[in-house]
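Engineer: Dumping the structure here so I can ask a few things about it.
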Amino acid sequence: MKIAVAGGTGFIGGRLIRYLKSCGDEVMLISRSASGGIRGGLKTVAWDECMDRKQMFEGLDGIVNLSGESINQRWTAQAKGRIVESRLDTVDKLARLVGQLNDKPKAVVNGSAMGIYGTSETDIYDESSAVRNVDFLSGVVEQWERAARAIPAPRLILLRTGLVLGLEGGALPLMSLPYKLGAGGRVGTGRQWMSWIHADDIVRLIRYCIDTPDIRGPVNATAPHPVRNDRFGRALASAMRRPHWLPVPAFALKAALGEMAEMLLTGQHVLPKVALEHGFEFRYPTVDEALNAIYGRVP
């Protein structure tokens with residue numbers, strides 16, 4: 001397949017590009033700054049050059065847009081502005097580009113997040129669940145998806161990503177730090193749900209969505225077996241061969257991270273109904289399998 005990836009220098013994007021190349025796909029990188037040419041063996045085009053080089057995008061099998069400012073930072077007013085604007089700006093550019101193409105990509109996969117469902121200790125969410133704008137993160141994702149729906153592609157997939165597990169980026173390196181120091185434990189009450197996915201599975205799922213003609217609309221990129229925070233911590237401790245004993249109180253997390261702490265203190269029980277109904281098979285369906293694989297522990 002021929003696939004263009006925006007946000008390909010990030011944690012998920014970089015892994016996706018490596019996976020697509022291993023599948024024999026022809027991959028093009030859309031970058032915020034690099035001008036057209038070859039970069040790391042990839043055809044590369046900057047966002048600002050896309051309209052002038054639109055012939056490069058004719059007849060693609062897919063475009064994957066994972067661009068956006070990281071949410072893993074203290075949510076100051078300035079950071080919130082960058083988080084929102086970075087997502088809306090790239091989606092707008094992608095919508096204008098696709099609108100100008102004669103032979104449009106068969107599918108566009110646009111980043112999203114499970115935060116769109118809001119949070120709950122009791123509710124279970126799948127792709128048919130209602131959108132709930134209850135906090136900053138859910139508001140960002142709602143705006144992001146609303147903008148993405150203007151992309152005039154034959155098929156649009158909205159990838160509602162959960163907690164992506166890998167050592168190269170995302171939240172896991174930060175979450176594992178207390179365990180490395182021998183001081184890991186539950187966060188807050190430990191009852192909040194954690195809907196997660198192994199980094200290998202999310203890149204496999206993205207390609208599967210592009211390659212499966214009847215997948216469209218929201219797709220939850222989460223493993224089929226979410227766990228509560230305390231259970232996740234115990235699995236992480238076991239995989240790292242460290243103790244799980246010292247709780248992190250909510251007030252301490254809020255003091256350290258500010259408003260962003262709410263991501264770790266609240267949660268969602270999110271199921272990948274669309275992926276499972278369309279035959280996608282998770283390589284790491286349980287948290288023990290995922291974390292043991294990441295930390296090299298053989299059962």
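The values are calculated or read from the model by the stated rules, or taken from the named source; none is laboratory data. In this text the structure is predicted, and so the values were computed from the model without any measurement. Heads up, the Cβs are rebuilt from the backbone with ideal geometry, glycines too, and the neighbour counts pull from every protein chain shown.
Engineer: Between R160, R155, R146, which is of a type in the set (K, R), without any contact (Cβ under 8 Å) to a residue 40 or more places away in the chain and over 21 Å from L257 (Cβ atoms)?
Structural biologist: Working: R160 fails: without any contact (Cβ under 8 Å) to a residue 40 or more places away in the chain; R155 fails: without any contact (Cβ under 8 Å) to a residue 40 or more places away in the chain.
R146 is the lone residue from the list that is of a type in the set (K, R), without any contact (Cβ under 8 Å) to a residue 40 or more places away in the chain and over 21 Å from L257 (Cβ atoms).
Engineer: Next question, about the same structure. Go through segment 83-105 and give me each residue that's surrounded by fewer than 19 Cβ atoms within 10 Å (Cβ to Cβ) and in contact with a Gly (Cβ under 8 Å, 6 or more places away or on another chain).
Structural biologist: The answer is S86, D103.
Engineer: Evaluate segment 234-254: report whether one residue or more is within 24 Å of R15 (Cα to Cα), crowded, with 22+ Cβ neighbours inside 10 Å and modelled with pLDDT of 95 or more.
Structural biologist: Among the residues of segment 234-254, at least one is within 24 Å of R15 (Cα to Cα), crowded, with 22+ Cβ neighbours inside 10 Å and modelled with pLDDT of 95 or more, which makes the answer yes.
Engineer: Now for a different question. Which ones in segment 85-113 are among the aliphatic types (A, V, I, L, M) and either outside any loop (DSSP other than H, G, I, E, B) or farther than 30 Å from V45 by Cβ (or both)?
Structural biologist: Answer for segment 85-113, where residues must be among the aliphatic types (A, V, I, L, M) and either outside any loop (DSSP other than H, G, I, E, B) or farther than 30 Å from V45 by Cβ (or both): L88, V91, L94, A95, L97, V98, A107, V108, V109, A113.
Engineer: Looking at A275, is it within 16 Å of M194 (Cβ to Cβ), touching a Phe, Trp or Tyr at 6+ places or on another chain (Cβ under 9 Å) and hydrophobic (A, V, I, L, M, F, W, C)? Spell out the reasoning first.
Structural biologist: Details: within 16 Å of M194 (Cβ to Cβ): no; touching a Phe, Trp or Tyr at 6+ places or on another chain (Cβ under 9 Å): yes; hydrophobic (A, V, I, L, M, F, W, C): yes.
Against the criterion (within 16 Å of M194 (Cβ to Cβ), touching a Phe, Trp or Tyr at 6+ places or on another chain (Cβ under 9 Å) and hydrophobic (A, V, I, L, M, F, W, C)), A275 does not qualify.
Engineer: Could you run through segment 126-141 and say how many residues are touching a Lys or Arg at 6+ places or on another chain (Cβ under 9 Å) and modelled with pLDDT of 95 or more?
Structural biologist: Filtering segment 126-141 down to residues touching a Lys or Arg at 6+ places or on another chain (Cβ under 9 Å) leaves 126-128, 136, 138, 140-141.
Cutting the leftovers down to modelled with pLDDT of 95 or more gives us 126-128, 140-141.
Selection size over segment 126-141: 5.
Engineer: Out of contact with any Asp or Glu (no Cβ under 7 Å at 6 or more places or on another chain), hydroxyl-bearing (S, T, Y) and either without any contact (Cβ under 8 Å) to a residue 12 or more places away in the chain or over 28 Å from E26 (Cβ atoms) (or both) - does that describe any residue in segment 72-86? Give the steps one after another, and end with the answer.
Structural biologist: Of all residues in segment 72-86, those out of contact with any Asp or Glu (no Cβ under 7 Å at 6 or more places or on another chain) come to 72-74, 76-81, 84-85.
Restricting the remaining residues to those that are hydroxyl-bearing (S, T, Y) gives 76.
Cutting the leftovers down to either without any contact (Cβ under 8 Å) to a residue 12 or more places away in the chain or over 28 Å from E26 (Cβ atoms) (or both) gives us 76.
Yes, segment 72-86 contains a residue that is out of contact with any Asp or Glu (no Cβ under 7 Å at 6 or more places or on another chain), hydroxyl-bearing (S, T, Y) and either without any contact (Cβ under 8 Å) to a residue 12 or more places away in the chain or over 28 Å from E26 (Cβ atoms) (or both).
Engineer: Identify, please: which residue in segment 178-201 is assigned to a loop (DSSP other than H, G, I, E, B) and of a type in the set (D, E, K, R) and is, among those, surrounded by the most Cβ atoms within 10 Å (Cβ to Cβ)? Can you show your working first?
Structural biologist: Here is the first cut: in segment 178-201, the residues assigned to a loop (DSSP other than H, G, I, E, B) are 181-183, 185-186, 188-192, 195.
Checking which are of a type in the set (D, E, K, R) leaves us with 186, 191.
Numbers: R186: 20, R191: 12.
Out of the qualifying residues, it is R186.
Engineer: Follow-up question, since we're still on this one. Checking the conditions here, which among G62, G68 is at pLDDT below 95 and surrounded by 13 or more Cβ atoms within 10 Å (Cβ to Cβ)?
Structural biologist: G68
Engineer: To continue, here is another question. Can you name every residue in segment 16-53 that is out of contact with any strand residue (DSSP E or B) (no Cβ under 9 Å at 6 or more places or on another chain) and either at pLDDT 95 or above or among the polar types (S, T, N, Q) (or both)?
Structural biologist: Hits for segment 16-53 are R18, Y19, S22, C23, G24.
Engineer: Let me ask something additional. Considering only segment 162-203, state which residues are under 22 Å from G118 (Cβ atoms) and of a type in the set (S, T, Y).
Structural biologist: Answer for segment 162-203, where residues must be under 22 Å from G118 (Cβ atoms) and of a type in the set (S, T, Y): T189, S195.
Engineer: Does D48 satisfy the condition of being under 30 Å from E26 (Cβ atoms), loosely packed, with under 15 Cβ neighbours inside 10 Å, out of contact with any Phe, Trp or Tyr (no Cβ under 8 Å at 6 or more places or on another chain) and among the acidic types (D, E)?
Structural biologist: yes
Engineer: Out of I151, I157, I116, I need the residue that is out of contact with any Pro (no Cβ under 6 Å at 6 or more places or on another chain), assigned to a loop (DSSP other than H, G, I, E, B) and either surrounded by fewer than 15 Cβ atoms within 10 Å (Cβ to Cβ) or β-branched (V, I, T) (or both). Which one?
Structural biologist: So the residue among I151, I157, I116 that is out of contact with any Pro (no Cβ under 6 Å at 6 or more places or on another chain), assigned to a loop (DSSP other than H, G, I, E, B) and either surrounded by fewer than 15 Cβ atoms within 10 Å (Cβ to Cβ) or β-branched (V, I, T) (or both) is I151.
Engineer: Out of curiosity, is I206 crowded, with 23+ Cβ neighbours inside 10 Å, within 28 Å of L16 (Cα to Cα), touching a Gly at 6+ places or on another chain (Cβ under 6 Å) and at pLDDT 95 or above?
Structural biologist: Here the answer is no, as I206 does not meet what is asked.
Engineer: Mind checking which residues of segment 267-299 are of a type in the set (V, I, T) and surrounded by fewer than 20 Cβ atoms within 10 Å (Cβ to Cβ)?
Structural biologist: T286, V298 - these are the residues of segment 267-299 that are of a type in the set (V, I, T) and surrounded by fewer than 20 Cβ atoms within 10 Å (Cβ to Cβ).
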